[in-house]
Every structure is written in structure tokens, then in C-alpha cells.
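Participant: Dumping the structure here so I can ask a few things about it.
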Amino acid sequence: MADADSTLSTILTAAETLFVARNYADVSMRDIANAANVSTGALYHHFPSKEKLYYAMFTAYMARMKQTTLDATPNDGSCRERLRALTRVYLAMRPAQRNVMRLVRRDLNAFNGRLRDGMVRAYQGAVPDLVEQVLRDAIKQKEIKKQDARWLAWAYVAIVETTLGEYAQQKLGNVDARLDAALDLFLEGART
């Protein structure tokens, strides 16, 4: 059983690396098998299709991201403190790790039906849903004015994403400076 888990982990890691580096359509099952150093038969034993492998890779990553974020985010504290802890997890990641999250936008059109819906739910559960809960709590505590928490969550995610680019890094500086800039921009507009 340990060998099967190890093989599965190796396959998912290889798939993650390849799918971040290249578009979904440009990665074959043979490429993944070669990168994982397993036979194509072993690969197909675990994943009957590239779509299901991609889905498993993406949703496993998002589950890890969600758990890491939950572990780092206090259940109490101010909205700013909680958003800071939650967002710091994301901003402190290596770019290659963050790029897995971006796959939902880049490759989503290659999927349909349940796989597509599941990928969207995994992303939303790992990022905007967690932000939304912090904002709902802040609205209840009257830290920010009452408005649609879901819309606010997506607005906050968009602000944070602007801090990831090279230009923002040059102008704003390290992770903490970028985090403060995103929090200031968001909370100054939402504060009661």
C-alpha cells in the first residue's frame, strides 16, 4: 500500500510540474509517465484519463492549500489580522506553487461537466470562500459596512492578485509590504 501511495504521489507531483510549465493540451500521459519514472500502464492503472489525472492533481493541491490556510488563520481577531494570516500563506509561496492555482483560469475551458464544476468548487473553497467567511464575521462585528460578502471576497482576491506581479514587487517590496498594501487598499474602502 505504501508503494502505491508513493507512486500516486510521484505521479501527481510530476503532473503538477508539467501542467504548470505547459498548457493542458501540450502535456501527454506519456510525458507524465516519463516525468514520474513510471510505466504508462502504471499511470493508467491510477488514472484512466488525462482529464481525471489533471482533476486529481488540481483538487489535491487545492485541498492542501485550503488546509494550510485554515491552519494559519486564527478563528478570532480583527478582520485585518485574519485576512493578513490567510493571505500571507498565499503570498509567501514560491511562484511555482502559486501557479497551480492559476491553472483554473488558464485550462478550465478544456473541461466540462462535473470535472469543470469540481475544479471551480475546489478553487473557490480554498480561496474566496475562506476570505468570504472572514468578511462575514467582520460584517457581523461591524468592522466593515454591511454589503455582499461574496462580492467583497472576490474584490479582495483581485487586489491580492495585483500584488504578485514583478511590477508590484519592484514598487511595493517584500511579502509583508505587498500584504500591507493590499490590506490597506481593501480595508480603507470597506471600513465603516
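The values are calculated or read from the model by the stated rules, or taken from the named source; none is laboratory data. The model shown is predicted, which means the values in this text are computed figures rather than measured ones. Because the Cβ atoms are built from the backbone with ideal geometry, glycine has one as well, and the counts that use them run over all protein chains shown.
Participant: When you look at Val131, is it in the same structural domain as Arg88 (by TED's automatic domain parsing), more than 19 Å from Asp71 (Cα to Cα) and either polar (S, T, N, Q) or touching a residue at least 12 places away in the same chain (Cβ under 8 Å) (or both), yes or no?
Facilitator: It is false that Val131 is in the same structural domain as Arg88 (by TED's automatic domain parsing), more than 19 Å from Asp71 (Cα to Cα) and either polar (S, T, N, Q) or touching a residue at least 12 places away in the same chain (Cβ under 8 Å) (or both).
A quick yes/no check of all residues on (1) in the same structural domain as Thr7 (by TED's automatic domain parsing); (2) touching a Pro at 6+ places or on another chain (Cβ under 9 Å); (3) within 26 Å of Ala21 (Cβ to Cβ); (4) of a type outside the set (Asp, Glu):
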{"position": "Ala60", "(1), (2), (3), (4)": "no, no, yes, yes"}
{"position": "Arg64", "(1), (2), (3), (4)": "no, no, yes, yes"}
{"position": "Leu70", "(1), (2), (3), (4)": "no, no, no, yes"}
{"position": "Pro74", "(1), (2), (3), (4)": "no, no, no, yes"}
{"position": "Glu81", "(1), (2), (3), (4)": "no, yes, no, no"}
{"position": "Leu91", "(1), (2), (3), (4)": "no, no, yes, yes"}
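Participant: Those residues that are in contact (Cβ under 8 Å) with a residue 24 or more places away in the chain and either in a helix (DSSP H, G or I) or farther than 26 Å from Gly113 by Cα (or both), I need them from region 38-49; list them, please.
Facilitator: Residues satisfying the conditions are Val38, Ala42, Leu43, His46.
Participant: While we're here: Kindly provide the set of residues from region 71-89 that are within 14 Å of Leu130 (Cβ to Cβ) and touching a helix residue (DSSP H, G or I) at 6+ places or on another chain (Cβ under 7 Å), ordered by number.
Facilitator: Passing the criteria: Ala72, Thr73, Pro74, Cys79, Arg82, Leu83, Arg84, Ala85, Leu86, Thr87, Arg88, Val89.
Participant: Oh, and also: Looking at region 83-95 only, could you name the residues that are part of a helix (DSSP H, G or I), within 11 Å of Val175 (Cβ to Cβ) and not basic (Lys, Arg)?
Facilitator: Across region 83-95, the qualifying residues are Thr87, Val89, Tyr90, Leu91.
Participant: While we're here: Anything in region 103-119 that is surrounded by 14 or more Cβ atoms within 10 Å (Cβ to Cβ) and either of a type in the set (Gly, Ala, Ser) or closer than 18 Å to Thr17 by Cβ (or both)? List them, or say none.
Facilitator: Leu103, Val104, Asp107, Ala110, Gly118
Participant: Okay, moving on. For region 30-37, indicate whether the set of residues that are more than 30 Å from Ala138 (Cβ to Cβ), basic (Lys, Arg) and assigned to a helix (DSSP H, G or I) is non-empty.
Facilitator: For region 30-37, residues more than 30 Å from Ala138 (Cβ to Cβ), basic (Lys, Arg) and assigned to a helix (DSSP H, G or I): present.
Participant: Which of the following residues is modelled with pLDDT of 90 or more and in a helix (DSSP H, G or I): Arg102, Arg80, Arg98?
Facilitator: Arg80
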